[in-house]
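Below is one structure, written out as C-alpha cells; the observations come after it.
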Amino acid sequence: MSGFDIAEAARLHALAFPAAEAWGTDAIRLMLEMPGTFGVLRPGAGFVLARVAADEAEILTLAVAPSARRQGTGGTLLAAAMAGAVARGAGAMFLEVSDRNTPARALYGAAGFEEVGRRRRYYGDGADALVLRRGLEPGSRA
C-alpha cells in the first residue's frame, strides 16, 4: 500500500501495546500485503489496519499513542475503518479485544459493536478475547 508509513505505524504500535504484543515493521508490512487490507494512519497519534473479504470486514489492529488517548482518535480511526469497509462492499465488521481492555471495550461498545463470541485465555496474559460484531450500512459512522 503506497503512502502508508509502515515505520511510523510500528512506532505507534510499540507505544500503544506491551512490548510482547507490539508489531514491528515486518508484521505490519505482511498485514498490508494481504488481499483486501487497508490502513488509516494519523502520524503521531494512531492508526488502524482492517481487511475486507467478501462482504465481511475485520479490524486487524487499532493503535492509539498514549499521548493521543481520550481525544477522539480511536473513534476517528474506527469510523474511518468502517467507512473504508463499506466502500469496499462489507456489510459487517468484526474485531477481537481483550476482556481486560476496558477503554477499548468502551470505544467499541459506543460504536455499536456487540459480543458474538469469546476465545478463552486467548492472550498471553490469560485474558479472554471477546469477538465483537457490528453491522455496516452505507453512510454508517462510529
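Once the convex hull of all Cα atoms in the range 6-135 is built, its volume per residue stands at 99 Å³. Stretching Ala127 away from Glu8 to a fully extended chain increases their span by 40.0 nm, per 0.36 nm per residue minus the current alpha-carbon distance.
Neighbour counts of other C-beta atoms within 10 Å: give me Thr37, Thr102, Thr61 arranged from fewest to most. Provide the component values of the computation, followed by the final result.
Working: Thr37 17, Thr102 10, Thr61 20.
Going from sparsest to densest Cβ surroundings: Thr102, Thr37, Thr61.
Picking from Ala27, Ala19, Ala53, which is most flexible by a Gaussian network model of the chain using Cα springs under 10 Å? Greatest mean-square fluctuation among the candidates belongs to Ala19.
Which log10 I(q)/I(0) values, to two decimals, does the range 73-142 give at q = 0.24, 0.26, 0.27 Å⁻¹ under the Debye formula with one point per Cα? After summing over all Cα pairs, the log10 values are -1.02, -1.12, -1.17.
Bear in mind that the values in this text are calculations on the coordinates, not laboratory data. Keep in mind that this is a model prediction, so the values were computed, not measured. Using ideal geometry, Cβ is built from the backbone for each residue, glycine included, and neighbour counts are taken over all protein chains shown.
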